[in-house]
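In what follows, a single structure is set out as structure tokens and then discussed.
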Amino acid sequence: MPYNIVVLLKRVPDTESKITIRDNAVVTEGLNFVLDPYGEYGLEKALQLVEQNGGKVTAVLFGPEEAKETIRKALAVGADEAIHIVDPALEGGDAGTTAQVLAAALKKIPFDMVWAGKQAVDEDNAQVPIRVAELLDLPHVNSIIEFEIGADGKSARCVREVDGERDVMVTILPAILTAQQGLGEVRYPSLKGIMGAKKKPITDWNAAALGIDPSSVGKQGARVEIIGLEPPPARPPGKIIPGDAATAAKELARLLREEAKVI
Amino acid sequence: MSNNVLIVAEGKAEGLRKVSFELVNAAQQLARDLGGAVEGAVVGNQVGAWAEQLAKTGVAKVYVVDNAGLENFAPESYASALAEIIRAAAPAIVLFGASGWGKEVSARTAAKLGWGLATDCTDAKIENGALVLTRPIYAGKAIAHVRAKSFPVMVSVRPNIVPPVEAESPAAPIEQIAVTLKEPRARVVEKVENAKSKVDLGEASIVVSGGRGVKGPEGFAPVEELADALGGAVGASRAAVDAGWIDYTHQIGQTGKTVAPKLYIAAGISGAIQHLAGMSSSKVIVAVNKDPDAPIFKIADYGIVGDLFQVLPALTQEIKKLG
């Protein structure tokens, strides 16, 4: 049975990037932006499910105009169409307002399930998809590493990883599902995929299209706000312990016990 | 709304998790500054023992939802139960542990109540009457200072940052909150054994990690032996995970887990930016690497330039001698 699957994606700096901060903001110049890695796992699972069962994958990305390039990557690996929520009036909020915006978008799209990353690797909130589930009165399963659709086609069995343990969860569909690393290897776009992506539709939605009052979201609607940003504190220089393995190990054990007092 | 701080405890079969005691400590200063009290919340099935344990940590009161419907984890049911407690307690601040459980349940509960939530904070204080938080973002490559615009608000606090309360206090009163739970649409039906994770990485006070230098799956043996001797957990770099030598659940880094143990030992890990992001807030860092120019030495407190296959077993012996 075919499935309409929506994948919530985010544009983030590549994890190999060094983050530089100037005037309480991340310097974006020269940063390499990519699809959020956890969202990418979700996208891969969505593509596999549609390959096996038929249906359609719709990528939804909330972010600035520059994110069009990132959306094209999702289309290039196989998403059928994309919706770009792009409106400066909606930007600058917190996890709560982001969830409101995405929930408003999802009300306009028919779906059987929604995939997202368990967190985005920039702000590490780990809140948005779960909040979306609550706002839409849907169940959610977080941090999924194995997923299969139930025999009835209307439920799913998920293995998920949390706090060093693994659980099997069963959910009724539609549901909000978040992907954890381990869900599967992601694919790279083929040349054909990249060419094809240029012809696939990207629809822009702004606050008006979503029927959202901008003052209820973005900077004004946010309940928590970032008031400063700084690099992490530098660590003081350490010491290299000389000697052969046995000597150095003995000295290290002594230092850890007597100087650092951690063992 | 009161001026109280409510902490949401979490437990496992043996009792409350360590992070619950850390939350009580974190809440005490906030409550003093707000002129309120610290109260605790416990939710689950047959969690009377957890409630009694929490009641002796110095909190003024413990709210409990003890309900058969919470036997197996179900996000909707847990959020409903907590929302009932929060409505009854009417706190200014709710603190969760930023464990996997705490992050998940806090997000669903915050959305249910329409509250703001700051995730995985390493510091929380009251400044000019407002709650100001510190939270590492980009897995620690940047530190954000965050302000809650108003109360009430929720916060999840990173484990291992604040010391746990230790002294036992006289037992505080325990109030049962009755709830009617709807049948949840998503729930846990079974636990799967995960042989390798003897100690939860997120809460471990000591982590020993292996990287490309362990050279293969069997190379993790000396890493595991040292971790066992120290009572710590085993971590890994992305290179070791990508090579298929160890399960991804051990990965430390920007994709993977962020940890802040009191002791982090990196063996055969060069120190790629994305790995450093996940562990550089550890209290003490030890690096063992053959390459004296490896970037990991720049952030290590103690370094040994040498072969991990010689250094780690020697260190394991020394640790066992120290007892």
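The values are calculated or read from the model by the stated rules, or taken from the named source; none is laboratory data. In this text, all values refer to a predicted model and were calculated from it rather than measured experimentally. No Cβ is skipped: glycine too gets one built from the backbone with ideal geometry, and neighbour counts run over all protein chains shown. With ligands, DNA and RNA removed, areas are computed over all heavy atoms of the protein, side chains included. Shrake-Rupley method; radii C 1.70, N 1.55, O 1.52, S 1.80 Å.
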**Q.** Inter-label distance, nm, simple model (7 Å from Cα along the C-beta direction), B:Ser169/A:Glu259
**A.** 3.9
Q) Given a 1.4 Å probe and the protein chains all in place, what does the accessible area of B:Glu175 round to, in Å² to the nearest 10? A) 70
Q) Using alpha-carbon positions, what is the distance between the centroids of the range B:208-246 and the range A:237-263, in Å? A) 20
Q: In a Gaussian network model over chain A where Cα atoms closer than 10 Å are linked, find which of A:Gly228, A:Gly238, A:Gly153 has the largest mean-square fluctuation.
A: A:Gly238
Q: Rounded to the nearest 100 Å², what's the accessible area chains A and B bury against each other, both chains counted, probe 1.4 Å?
A: 7400
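Using a 1.4 angstrom probe on heavy atoms only, work out the carbon and sulfur share of the accessible area of the range B:201-322 in %. Provide the component values of the computation, followed by the final result.
On the way: 2060 of 4010 Å².
Result for the range B:201-322: 51 percent of the exposed heavy-atom area is carbon or sulfur.
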Q: Determine the percent antiparallel among the DSSP beta bridges restricted to chain B, to the nearest 5.
A: 20
Q) Share of the range B:5-176's accessible area from carbon and sulfur, percent, 1.4 Å? A) 47
**Q.** Point-charge dipole on Cβ atoms (K/R +1, D/E -1) for the range B:201-322, about Cα centre, debye to 20
**A.** 240
Q. Given R₀ = 22 Å, FRET efficiency for A:Gln48-A:Asp137 by Cβ-Cβ distance, to 0.05?
A. 0.20
Q.
Past the 17 angstrom mark, what percentage of all C-alpha to C-alpha distances in the range A:1-84 do you count?
A. 49
Q: Using the Karplus curve 6.51 cos²θ - 1.76 cosθ + 1.60 with θ = phi - 60°, work out ³J(HN,Hα) for each residue of the range B:276-293 in order, rounded to whole Hz, and write x for Gly and Pro.
A: 4, 4, x, 9, 6, 9, 4, 5, 10, 10, 10, 10, 10, 8, 5, 8, x, 8
Q. If one computes P(r) from the Cα atoms of chain B, what percent of pairs lie at distances over 31 Å?
A. 37
Q: Output the residues of the range B:156-188 meeting this criterion: accessible area (heavy atoms, 1.4 Å probe) in the chain alone minus accessible area with all protein chains in place is 20 Å² or greater.
A: B:Arg185, B:Ala186, B:Arg187, B:Val188
Q: Run a plain Debye calculation on the range A:40-100 (Cα atoms as equal point scatterers, no solvent) and give log10 I(q)/I(0) at q = 0.12 Å⁻¹, rounded to two decimals, same order as the q list.
A: -0.35
**Q.** Between helix A:95-106 and chain A: long-axis angle, C-alpha atoms, 0 to 90°, nearest 10
**A.** 30
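Based on the Cα coordinates of the range B:201-322, what is the per residue volume of their convex hull in Å³? Spell out each step's value before the answer.
On the way: hull volume 10.4 nm³, N = 122.
Output value, Cα hull per residue: 85 Å³.
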Q: Would you grab the residues whose amide H sits under 5 Å from the one on A:Val34? Only those 5+ places off in sequence or on another chain, please, with H modelled 1.01 Å from N.
A: A:Val12, A:Asp14
**Q.** Which of B:Ala124, B:Gly11, B:Ala236, positive extreme of dipole for the protein assembly as shown (C-beta unit charges)
**A.** B:Ala124
Q. Got the relative contact order for the range B:201-322 handy, in percent, Cα pairs under 8 Å and 6 or more residues apart?
A. 26
Q: Mind checking the per residue accessible area of the range B:5-176 for me, 1.4 Å probe, whole number of Å²?
A: 32
Q | For chain A: span of alpha carbons on each principal axis (Å, largest first) | A | 65, 47, 40
Q | Highest-fluctuation residue, A:Ala99, A:Ala209, A:Ala120 considered, GNM on chain A with Cα pairs under 10 Å | A | A:Ala209
Q: Using DSSP, restrict attention to beta bridges with both residues in the range A:136-263 and report what percent are antiparallel, rounded to the nearest 5.
A: 80
Q. Once every DSSP H run of n ≥ 4 in chain A is given -39500 (n - 2.57) and the sum is divided by its residues, what mean residue ellipticity at 222 nm do you get, rounded to the nearest 500 deg cm²/dmol?
A. -8500 deg cm²/dmol
Q | FRET efficiency estimate (nearest 0.05) - Cβ-Cβ, B:Lys56 to A:Ala89, R0 56 angstrom | A | 0.65
Q) Taking a probe of 1.4 Å, how large is the accessible area per residue of the range B:201-322, in Å²? A) 33
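Show me the three semi-axes of the equivalent ellipsoid for the range B:113-261, from the C-alpha gyration tensor (sqrt of 5 times each eigenvalue), largest first, rounded to whole Å. Write down the numbers at each step before the final one.
On the way: eigenvalues 238, 97, 66 Å².
Rounded to whole Å, the semi-axes are 35, 22, 18.
Would you be so kind as to identify all helices of chain B, as entire DSSP H runs, whose Cα atoms reach 18 Å or more along the helix's own axis and whose mean Kyte-Doolittle hydropathy is at least 1.0?
Details: long enough: B:18-34 (25 Å, 0.08); B:75-89 (21 Å, 0.39); B:100-113 (20 Å, -0.40); B:308-322 (20 Å, 0.53).
TM-like helix candidates: nothing returned.
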Q: DSSP loop (so not H, G, I, E, B), at most 13 other Cβ within 10 Å: list which GluC sites (Glu not before Pro) in the range A:121-198 pass both filters.
A: A:Glu185
Q) If amide H atoms are built 1.01 Å from N in the plane of the peptide, which residues on other chains or at least 5 residues away come under 5 Å of the amide H of B:Phe73? A) B:Val188
Q | Under the Karplus curve 6.51 cos²θ - 1.76 cosθ + 1.60, θ = phi - 60°, whole-Hz ³J(HN,Hα) for the range A:224-238, x wherever Gly or Pro sits | A | 10, 10, 7, 10, x, 9, 9, x, x, x, 6, 8, x, x, x
Q.
If I take all pairs of Cα atoms in the range B:1-68, what percentage of them are more than 20 Å from each other?
A. 24
Q | Residue-wise HN-Hα coupling along the range A:7-16, computed from phi with Karplus coefficients 6.51, -1.76, 1.60 (Hz; x: Gly, Pro) | A | 10, 8, 10, 9, 9, 9, x, 3, 5, 7
(Q) Modelling each spin label as a point 7 Å along the Cα-to-Cβ direction, I'd like the B:Arg32/B:Lys149 distance in nm, to one decimal. (A) 3.2
Q. Can you list the aspartates and glutamates whose alpha carbon is less than 17 Å from that of A:Lys250, not counting same-chain residues fewer than 8 positions off?
A. A:Glu258, A:Glu259, B:Glu225, B:Asp301, B:Asp307, B:Glu318
Q: Taking H placed 1.01 Å from N in the peptide plane, check which residues at least 5 places from B:Asp66 or on another chain put their amide H under 5 Å from its amide H.
A: B:Ile177
Q: Using Cα pairs closer than 8 Å and at least 6 residues apart in sequence, work out the relative contact order for the range B:2-54, in percent.
A: 46
Q) How many Å³ per residue does the convex hull of the Cα positions in the range B:217-268 occupy? A) 74
Q) So what's the back-of-envelope 222 nm ellipticity for chain B, counting only DSSP H runs of four-plus at -39500 (n - 2.57) apiece and dividing by all residues, rounded to 500? A) -9000 deg cm²/dmol
Q.
Run the simple label-point estimate for A:Ala209 and B:Ala130 please: 7 Å along Cα→C-beta, distance reported in nm.
A. 3.4
Q. At a Förster distance of 35 Å, what's the computed FRET efficiency of A:Glu66 paired with B:Asn3, Cβ-Cβ distance as r, to 0.05?
A. 0.20
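Please compute one quarter of the surface area of the Cα convex hull for the range B:5-114 and express it in square nanometres. Before the final figure, lay out the partial values.
Working: hull surface 24.4 nm².
Over every viewing direction, the Cα hull of the range B:5-114 projects on average to 6.1 nm².
As a test, work out the antiparallel percent of DSSP beta bridges whose residues both lie in the protein assembly as shown, rounded to the nearest 5. Write down the numbers at each step before the final one.
Details: 43 of 116 bridges.
Once the DSSP bridges in the protein assembly as shown are tallied, antiparallel ones form about 35 percent.
If you average 1/r across every pair of different Cα atoms in the protein assembly as shown and take the reciprocal, what Kirkwood value do you get, in Å?
On the way: mean 1/r = 0.0406 Å⁻¹.
After inverting the mean inverse Cα-Cα distance, the result is 24.6 Å.
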Q) Can you give the angle from 0 to 90° between the axis of helix A:68-77 and the longest principal axis of chain A, with both taken from C-alpha atoms, to the nearest 10? A) 80
